[in-house]
Ligand SMILES: [Cu+2]
């Protein structure tokens, strides 16, 4: 398990999502500890003691100031969270005007095809998992669609997934920052071989990528 | 203004606001139409309740009402037994099943529904 | 009048015919509760089969075809046939009693709803007997996967018909509930004196009425596509694959609150009784329920962030807002316990379990309402964990709380306290052992609805732990069943009001007579039974 329970981010976009996650994780932990703490305190402090005189506790019903406070404070909190979320999402979804690499990804039952602009098309099914090769520190534009049912392109190490929907084209950018081979899954249930509908992503230095593109996939 | 009316008026108004805001922000037809239908349905009920509540005089709305006369079976009349519910539910299920499995079952279900409707009219007249 | 009552008193009989022709809301309630618990048992067994398959990677306990049917039927049954209908059954039994009415507004319609619910569920399960098996597209049945080109089996059609029948029954019941509460309240039972549970059921009914028609429309379109050559969801003919999701989630998200608001009501009834205090912030809790109901109509596409085709900020913000009224309820429950005299009978234990588990489900809910987090979490085991913390750790624990709390009223005898504590601890520990690891599975990259997973890394260990937890939960349920059996032989009468409770159902006998009340206490606050027990106190006092 990685830091703060996420895989270590390996793309520029993933770093934005990781810091957003960290914010929510901290906020969530604080809220959970406060509320669980209040519950635990109340239970310990006011548990009915055996044999104690059975007098009725004060029948307090309302306290307007208190109620307004615990409406407004969470409201402010979620507004702050929303601002951070909005910024993070804008960064994740921003598209560069001129991507270095463009790959058309098509999902189908049950495999993937990766068509490189000005290069080969790599295809593979669940019995022969295909590999997507991406250059490091360059922006890749993914043009995603599906030819039958809904699928989803998910690379957990990129902290990102996007649905592949028939009849729709979805576009996003990825900018990997670390060399390595990463696992990818289909994340939208698409029938029996859904669990096996994987792929892998290999991030390589730009020079290696150019060489690979020229010589074609081995 | 009674609570029920206020409930439907405010939820109708809320649905209208959400529908408009959603259209302005998202420009997405499916959701806008759904929210539009929602606003229409809630406003329709609110409109009905404006008329209906004018005539309603419920003892449940009287905070000081005495309830000694309101116990047991004297509060309205209600039927204790009826074969209609299970048979009509079975007939409706037959219609649905019939559409999938065989038209004969569907036709039987439709006939049963009409028979039940006739029986219901005879019973309640 | 005496003769009229004597005639009525002769009516109740225990034979089969009297049960299948009954229109008594209490009997219909018990039928609903029993049926939904049977469906829960079946769906729970399916869950055990799922967990057994996932106990280790590349397991061959069930085949891949069976596995898809297992999780489809598990989700469908838990959602459409258990968590939501259980609340309808509970409300059927309780609502007229709580507001001092003799029955529901439309008793025969009420019975019809029940039978449609029963038959609809059977139709869904009937798919398992067909050649190609039951529906296998998940409880969400996303088109175009569920279209005839891909899912050729009869099971999918039976699923559509069954869910349609259940959803129509649910809409009819919601109308019945709203009318009953608005019109049939006893003298003095003004709207601002009805119990919180009744308010939550009004909010739930409003939600059902607003959301379920979208589901019915969605199912109809799919049915026409499959059987009569429609193309609503087929992009090759100008249809839209996204339309299914819009219609489905326009229903599907409010449905989550249909499955949780009634249980907020249950918790709001139980905590005051075992804290010996009135519910804190009655008005605030009621307004929060309607705020949740209203907002939940504008959040459906937070299930669609990863489509890249919806207005993420709008849906994200609306979803965040729901945390505010939910938080209000939490603070009100804590304030109810604050300064009280708290005792830990089984209903209270389960209510506290609800508080602990549901809070975690709520917090992860806020997390995945943030699109950059959802991009990782969506359709992964993180979602599975989140939703089970809401519906399992939340609703299911409230369901057990309700069973233990109202069992004496329904059957005139208590469930055993000792066995109750056993089943609570088994379920509580089992639940958290099962579902806490799922958060980490999801973040590590395990998609949901898979029958196998990566054999390297932490996934095998986490899955083995989760499977062990699920067996622990099963033992907890068995202890509950044993409790039902042994307490059935218990002949100790419990009296009208064994918990020293507040609301009107505790003013009549246990179980209540067919016409509900021989006499009603004066209703001068939201706690008529408390007021009757404490004649020295002024009912309108706020302290
Ligand atoms: Cu797929």
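Rounded to the nearest angstrom and listed largest first, the equivalent-ellipsoid semi-axes of the protein assembly as shown from its Cα gyration tensor are 48, 31, 26. For chain A, the relative contact order works out to 22 percent when only alpha carbon pairs closer than 8 Å and six or more residues apart are counted. Distance from the C-alpha centroid of the range C:227-286 to that of the range C:291-330: 12 Å, rounded to the whole angstrom. Computed from the C-beta positions of residue C:425 and residue A:55, the FRET efficiency with R₀ = 25 Å rounds to 0.20. In this rough spin-label picture, where each label sits 7 Å from Cα along the Cβ direction, the residue B:124-residue A:79 distance is 5.2 nm. Spatially, the range A:43-83 and the range C:360-428 are offset by 22 Å when compared through their Cα centroids. For the range C:287-421, the relative contact order comes to 26 percent (Cα pairs under 8 Å, sequence separation of at least 6). The protection proxy used here, the mean number of other Cβ atoms lying within 10 Å of each residue, ranks peptides C:273-280, C:526-533 as follows, highest first: C:273-280, C:526-533. Comparing A:103, A:149, A:203 in a Gaussian network model of chain A, where Cα atoms under 10 Å apart are tied by springs, the biggest mean-square fluctuation is seen for A:149. Estimated from helical segments only, the mean residue ellipticity of chain C at 222 nm is -21500 deg cm²/dmol, where each DSSP H run of four or more residues counts as -39500 (n - 2.57). Among B:43, C:423, the order by Cβ neighbours within 10 angstrom, fewest to most, reads B:43, C:423.
Counts of other chain beta carbons within 10 angstrom of each beta carbon in peptide C:335-348 average 5. Per-residue packing, averaged as other Cβ atoms within 10 Å, sorts the ranges A:208-214, C:501-507 into the order C:501-507, A:208-214, beginning with the highest. Projected onto its three principal axes, the C-alpha set of the range A:79-138 covers 47, 27, 17 Å, listed from the longest axis down.
Model label points for residue A:143 and residue B:6, set 7 angstrom from Cα along the Cα-to-Cβ axis, are 5.8 nm apart. Helix C:312-337 against the longest principal axis of chain C: what's the angle in degrees, Cα atoms only, rounded to the nearest 10? Taking the Cα atoms of chain C, the angle to C:312-337 is about 30 degrees.
Averaged over the residues of C:444-457, the number of partner chain Cβ atoms lying within 10 Å of the residue Cβ comes to 5.
Label-to-label distance for residue A:169 and residue B:40 is 3.5 nm, based on points extended 7 Å past Cα in the beta-carbon direction. Using R0 = 60 Å, the C-beta based FRET efficiency linking residue A:214 and residue A:33 works out to 0.60.
Scoring B:26-36, C:310-320, A:134-144 by mean Cβ neighbours within 10 Å over their residues and listing the highest first yields C:310-320, A:134-144, B:26-36. Taken residue by residue and averaged, Cβ atoms of other chains lying within 10 Å of the Cβ of C:522-530 number 2. Would you mind checking the range A:157-189 for residues with the amide N under 13 Å from a putative spin-label position 7 Å along Cα→C-beta of residue C:62? Counting backbone N atoms under 13 Å from the label point, the list is empty.
For the Cα trace of the range B:82-125, dividing Rg by the Kirkwood Rh returns an Rg/Rh value of 1.05. Annotation for the range C:432-457 versus the range C:100-159: alpha-carbon center distance of 29 Å. Applying 1/(1 + (r/R0)^6) with R0 = 41 Å to the Cβ-Cβ distance of residue A:65 and residue A:90 gives a FRET efficiency near 0.60.
To the nearest 10 degrees, how steeply does helix C:459-488 sit against the main Cα axis of chain C, on a 0 to 90 scale? The angle comes out at about 30 degrees. Relative contact order of chain C, taken over Cα pairs closer than 8 Å and 6 or more residues apart, is 15 percent. Find the Rg to Rh ratio for the range A:101-215, where Rh is the Kirkwood radius over alpha-carbon pairs and Rg uses the same atoms. With Rh from the inverse mean 1/r over Cα pairs, Rg/Rh is 0.94. Given the options B:105, B:45, B:18, which has the most mean-square fluctuation in a GNM of chain B, springs set between C-alpha atoms less than 10 angstrom apart? For chain B, modelled as a Gaussian network with Cα springs under 10 Å, the answer is B:105.
Net length available on complete extension from residue C:464 to residue C:129 is 117.5 nm, with 0.36 nm assigned per residue and the Cα-Cα distance removed.
Computed from the coordinates by the stated procedures, all read-outs in this text should not be read as laboratory data. In this text, all values refer to a predicted model and were calculated from it rather than measured experimentally. Methodologically, a virtual Cβ is constructed for each residue, glycine included, from the backbone with ideal geometry; neighbour enumeration extends over all protein chains shown.
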